[in-house]
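The values are calculated or read from the model by the stated rules, or taken from the named source; none is laboratory data. None of these values were measured; they are calculated from a predicted model. Ideal geometry is used to build each Cβ from the backbone, glycine not excepted, and the neighbour counts take in all protein chains shown. With ligands, DNA and RNA removed, areas are computed over all heavy atoms of the protein, side chains included. Shrake-Rupley method; radii C 1.70, N 1.55, O 1.52, S 1.80 Å.
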Amino acid sequence: MVRVLIATENLVMRAGLESLLKSNSELEVMSVNTNTGLLKTQVQAQRPDVVLMEWNGEEEPLAMAIADLSPIGQNHQEATTGAPAFIALTDSPEPESVVEALKAGVHAILPRSANVDEIVAAVLAAAAGLIVLTNDTLEMLIGNAPNHNRELAPLPPQALTAREIEVLDLLAEGQGNKAIAKRLAISEHTVKFHISSIFSKLNAQSRTEAVTLGARLGLILL
């Protein structure tokens, strides 16, 4: 279970995100109005795995906005295992802002228009320690940002369901369709359906490629 704290001043946006993410059984969702000044207290008290926050880019750089919230602040090299991963919802970020945000502890930068599948995929990947960026942002950084220790992973087109992740995990173990069906108490036909869906969502052409992509996105551990 990944603990997610939603932080935004926009009541409608906060309610919408909370409603959408609560429908996912892999997430435990909390929320706070950043205007109340309680965000730092909530982060310290609730100890979320991921903080999903809105950033309009007008008030202060994103790196400064989270510096007081994360125990790692500007010193990511000395991060503790208890530090949450930050995901920022923002539009048209500048390359310099993105680089500074990554140094400060931000694991994902998504547009406000991101759909629920994209956000869920980003949350799961960020919780696993990966950086998640849109393809446009990733291409923008290739020639601008310095090297980082964490792996850069483009945002997948769709998030896998909990059952699909179970199937993918068993594929990583080298299990065949019959063995997977027995382990999960489902039919082989259903296993084939899940594998087909996994291939489609991850744009994979084989089981090996699907497992490799799943590991890169933090969905499974090898």
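Using a 1.4 Å probe on the protein heavy atoms, what percent of the accessible area of segment 156-222 belongs to carbon and sulfur?
Numbers: 1930 of 3640 Å².
C and S atoms contribute 53 percent here.
Give me the net charge of residue 160's neighbourhood, meaning all other residues with Cβ under 11 Å from the Cβ of residue 160; Lys, Arg count +1, Asp, Glu -1. Intermediate values should be presented prior to the final figure.
Values: positive: 163, 201; negative: 26, 117, 164, 166, 169.
My count for the surroundings of residue 160 gives -3.
3J(HN,Hα) along segment 15-25, derived from phi through the Karplus expression 6.51 cos²θ - 1.76 cosθ + 1.60 where θ = phi - 60°, amounts to 5, x, 5, 4, 5, 5, 6, 5, 6, 8, 5 Hz, with x in place of Gly and Pro.
Please give me the summed charge of the neighbours of residue 199: other residues whose Cβ is under 10 Å from its Cβ, Lys and Arg +1, Asp and Glu -1. Net charge around residue 199: +1.
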